[in-house]
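Here's the structure, in structure tokens; my notes come after.
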Amino acid sequence: MKILNSEFVTSVNDSNKLLNFNLAEFAFVGRSNCGKSSLINMLTNNKSLAKTSSTPGYTKLINYFHINKNKKNEFILVDLPGYGYSKAGKTINKTWATLIENYLINSKNLKGIFILVDIRHEPNELDLIMVDYLHKNLIPFYVIATKSDKIAKSKINNRIKTISKVLKIAFGNILVCNKEGVGRDEVLNIIDNVLNF
Ligand SMILES: Nc1nc2c(ncn2[C@@H]2O[C@H](COP(=O)(O)OP(=O)(O)OP(=O)(O)O)[C@@H](O)[C@H]2O)c(=O)[nH]1
Ligand SMILES: [Mg+2]
């Protein structure tokens with residue numbers, strides 16, 4: 001699938017203000033700093049689309065991006081706040097969790113979630129809660145191991161095995177990505193298949 005244009009629409013900090021574009025929507029979730037915003041930029045070939053930062057807890061709002069506006073294969077990508085950022089404090093973390101949960105429950109056009117995990121780290125309790133939650137609520141999801149350039153190629157398979165074991169997701173169902181473009185075609189293919197189902 002070709003990405004012909006991409007634009008930031010708006011940020012939302014209140015789950016009563018979720019937007020409805022009447023377009024298929026795909027969202028990115030995962031721990032703070034796992035690479036959600038960078039992946040959106042990689043997929044759209046637009047480095048300045050989603051703001052990224054080496055400081056964890058950077059994305060605090062729900063950010064909507066309109067992709068292929070007025071073109072074939074038009075859709076929405078959604079950058080969600082990362083979970084589990086310890087320094088944010090309990091109250092803020094709870095606000096984010098509520099925002100994410102309300103988004104997941106109330107987004108009428110949500111067609112798929114990408115759960116991102118940093119390939120270097122074992123998925124934690126919060127990742128497991130997310131997988132469980134999506135399973136229980138019958139929300140289709142895909143797991144992506146990010147930042148594959150940060151480890152030796154020879155170690156990738158072992159890391160994927162660990163992630164697969166911890167999350168109880170089949171090895172072959174975990175995509176490998178990095179911000180330089182690895183995994184781009186695979187992720188866009190998933191979106192393409194959903195759009196043209
Ligand atoms: N080497 C490498 N660094 C990456 C990759 N993806 C993200 N990063 C870096 O990791 C840091 C966090 O990336 P973000 O995309 O901002 O992560 P995020 O998940 O959006 O973080 P929050 O908004 O805080 O939840 C940034 O410094 C990125 O440059 C990757 O594939 N490879
Ligand atoms: Mg971010």
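Restricting attention to the range 39-92, and to residues there that are assigned to a helix (DSSP H, G or I), away from ligand 1 (no atom under 11 Å from the Cβ) and in contact with a Phe, Trp or Tyr (Cβ under 9 Å, 6 or more places away or on another chain), which single residue is modelled with the highest pLDDT?
That would be THR44.
Which residue pairs have Cβ atoms under 6 Å apart, sit 6 or more places apart or on different chains, and have a first residue in the range 43-59 that is within 25 Å of LEU188 (Cα to Cα) and a second that is in a loop (DSSP other than H, G, I, E, B)?
From residues that are within 25 Å of LEU188 (Cα to Cα), the pairs are THR44/ILE3; THR59/PRO81.
Which one is nearest to ILE119 (Cα to Cα), of the residues in the range 167-197 that are assigned to a helix (DSSP H, G or I), touching a strand residue (DSSP E or B) at 6+ places or on another chain (Cβ under 9 Å) and hydrophobic (A, V, I, L, M, F, W, C)?
Of everything passing the filter in the range 167-197, LEU167 is nearest to ILE119 (Cα to Cα).
Determine which member of the set LEU19, LEU104, LEU4, LEU23 is at negative phi, touching an Asp or Glu at 6+ places or on another chain (Cβ under 6 Å) and more than 14 Å from ligand 2 (Cβ to nearest atom).
Values: LEU19 fails: touching an Asp or Glu at 6+ places or on another chain (Cβ under 6 Å); LEU104 fails: touching an Asp or Glu at 6+ places or on another chain (Cβ under 6 Å); LEU4 fails: touching an Asp or Glu at 6+ places or on another chain (Cβ under 6 Å).
Result of the check over LEU19, LEU104, LEU4, LEU23: LEU23.
Out of the residues in the range 6-50 that are surrounded by 15 or more Cβ atoms within 10 Å (Cβ to Cβ) and among the basic types (Lys, Arg), state the one that is nearest to the chain's Cα centre (by Cα).
LYS36
Kindly check whether there is at least one residue in the range 151-162 that is within 16 Å of the chain's Cα centre (by Cα), crowded, with 18+ Cβ neighbours inside 10 Å and not in a strand (DSSP E or B). So that I can check it myself, show each step before the final result.
Kept after step one, since they are within 16 Å of the chain's Cα centre (by Cα), are these residues of the range 151-162: none.
Checked against the condition, which is being within 16 Å of the chain's Cα centre (by Cα), crowded, with 18+ Cβ neighbours inside 10 Å and not in a strand (DSSP E or B), the range 151-162 yields no hits at all.
The values are calculated or read from the model by the stated rules, or taken from the named source; none is laboratory data. None of these values were measured; they are calculated from a predicted model. Positions of Cβ are backbone-derived with ideal geometry, glycine not excepted, and every protein chain shown enters the neighbour counts.
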